[in-house]
Amino acid sequence: MLDRFRTILLAALAGSLSLAPVGAQDDAFKAHQDRVFAELKDIKAQRERGEHAAATRRTINLCLETPDAMLEQGRTNLACSIVTSDYKDHPLYRSMAQDLCARGSASSCISLYFQMSREQVDPEIAAVHTELRYSLLASACEAGDGDGCSLYGLAHLTGREVEKNPAVAKAAFALGCERGNYETCSEFLDLLGKYQFGPIENADVLMAAKGACPPAPAGASSKSCIAAAEAVELHGEDEDQHLIRTYLGRACSDFAEAESCFWLAEDYDNGDSGPADSTRAKNMLETGCKLRPGDEACA
């Protein structure tokens, strides 16, 4: 454990673990992190003297001093990294995680949810235990955590451990997607296409597709961009069809996905989702053939 403690401190000292956040509150955040780093060096010395219990308590208390503004931006201080790594079995960990979760730390909510999911629970308190676990997911989702929204949404979609409620599930996925998590958007898009939430609404498709295939370098993948194009083609209105080219273009240019280049070439050639353009069709075909020379489209 002491080695792990040293590793995290050395990483921070070497600059591989950033202590200085970015944004409008840079100065205040940096001052906080600098103070935490200085105290952690003193705590390290305390551990080396064999005062492990006192050092652990100080580290946990130091984590709890993370400013609310940092927690609301999905950040915690360096002490929290050490606690999460090494002290999840400590008696004070749960109360610390609950405190941080209540103050807006989505990662603390998720961490505590998974820890509680592994616990053996007396049947007499199982219902209360389950309710608490899923309240943690709800808090994580409200704080903008995509994983929290997906887990909460899937639970209500399937009725696993909680009441089956597609409306609540849909709201959770939509919230996670609106907060900019492309994986949640991709999952939402897939579930919409399978009619898991009932009739498909155009606004939901457009939101999920947009979130599943954001402009580089925001994330996404060729698979999610192609899925976005397919969703718009199948479920979008006529006036939305131009978006197919946008999503296929990102899959082709940003992720070098040959299949999307071939589809885009055909679209431009036929004028499927917009005006025909033989020059662009040729360029897209050439791009696809460079990526996949042996394809039959290149013959």
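The values are calculated or read from the model by the stated rules, or taken from the named source; none is laboratory data. For clarity, every value in this text was computed on a predicted model and none was experimentally measured. For neighbour counting, all protein chains shown are included, and Cβ atoms are generated from backbone atoms with ideal geometry for every residue, glycine included. The accessibility values were calculated without ligands, DNA or RNA, using every heavy atom of the protein model including side chains. Shrake-Rupley method; radii C 1.70, N 1.55, O 1.52, S 1.80 Å.
For this structure, a couple of remarks:
- Region 196-290: relative contact order as a whole-number percent, Cα under 8 Å and 6+ apart: 21 percent
- 21 Å Cα-Cα reach of Lys282 towards lysines, excluding residues that sit fewer than 8 places from it in its own chain: Lys290
- Relative packing of peptides 75-85, 39-49 - highest average C-beta neighbours within 10 Å first: 75-85, 39-49
- Using the Cβ of Leu132 as centre and a radius below 15 Å, the other residues enclosed give a net charge of -3, where K and R count +1 and D and E count -1.
- Accessible-area order (highest first, 1.4 angstrom probe) of the listed residues Tyr87, Tyr152: Tyr152, Tyr87
- Most tightly packed first, judged by the mean number of other beta-carbon atoms within 10 Å of their residues, the peptides 202-208, 236-242 read 202-208, 236-242.
- Spatial extent of the chain: Rg and Dmax, with the Cα atoms as the point set, Å: 24.3, 76
- Left without a cysteine partner by the 4.7 Å Cβ rule in the chain: not a single residue.
- Inter-label distance, Glu119 to Arg292: 5.0 nm, where each label sits 7 Å from its Cα along the C-beta direction.
- Cα centroid of region 261-299 to Cα centroid of region 26-62, whole Å: 59 Å
- Structural size metrics of region 17-132, computed from C-alpha coordinates, are Rg and Dmax of 15.7, 50 Å.
- The Glu201 and Asp34 beta-carbon pair, evaluated with R₀ = 45 Å, returns a calculated FRET efficiency of approximately 0.35.
- Here region 179-254 is assigned +1 on the Cβ of each Lys and Arg and -1 on the Cβ of each Asp and Glu. Its dipole about the Cα centre then comes out at about 320 debye.
- Options Tyr182, Ser95, Thr59, ranked by Cα towards positive dipole end of the chain, top entry (Cβ charges): Thr59
- Sorting Arg118, Arg280, Arg35 by solvent-accessible area of protein heavy atoms yields Arg118, Arg280, Arg35, largest first, with a 1.4 Å probe.
- Of the listed residues Lys210, Lys30, the order by accessible area with a 1.4 Å probe, largest first, is Lys210, Lys30.
- Projecting the Cα atoms of Gly274, Gly193, Ala299 onto the dipole axis of region 180-299, where Lys and Arg carry +1 and Asp and Glu carry -1 at the beta carbon, places Ala299 farthest toward the positive end.
- Rg to Rh, two decimals, where region 215-299 supplies the alpha carbon set and Rh follows Kirkwood: 0.96
- Charge dipole magnitude, Cβ of K and R +1, D and E -1 - the chain, Cα centre, debye nearest 20: 1480 debye
- Helix 278-291 axis, angle to the chain major axis (alpha carbon atoms, nearest 10°): 50 degrees
- Charge dipole (debye, nearest 20) of region 230-299; +1 at Cβ of Lys and Arg, -1 at Cβ of Asp and Glu: 460 debye
- Rounded to whole Hz, the Karplus (6.51, -1.76, 1.60) HN-Hα couplings of region 30-35, x for glycine and proline: 5, 4, 5, 5, 4, 5
- Counted charge near Ala208, where neighbours are those whose Cβ lies closer than 11 Å (Asp, Glu -1; Lys, Arg +1): -3
- Cα point-scatterer Debye curve for region 53-199, base-10 log of I(q)/I(0) at q = 0.11 Å⁻¹: -0.46
- Compared with the dominant Cα axis of the chain, that is its longest principal axis, helix 126-142 is turned about 60°.
- Checking every one of the GluC sites (Glu not before Pro) in region 137-209 against DSSP loop status and a limit of 11 other Cβ atoms within 10 Å picks out Glu163.
- With respect to the chain, whose longest principal axis is taken over its alpha-carbon atoms, helix 52-64 is tilted by about 50°.
- Computed over region 144-276, the convex hull of the alpha-carbon atoms projects to a mean area of 7.8 nm².
- Rolling a 1.4 Å probe over the protein heavy atoms leaves His52 with an accessible area of roughly 90 Å².
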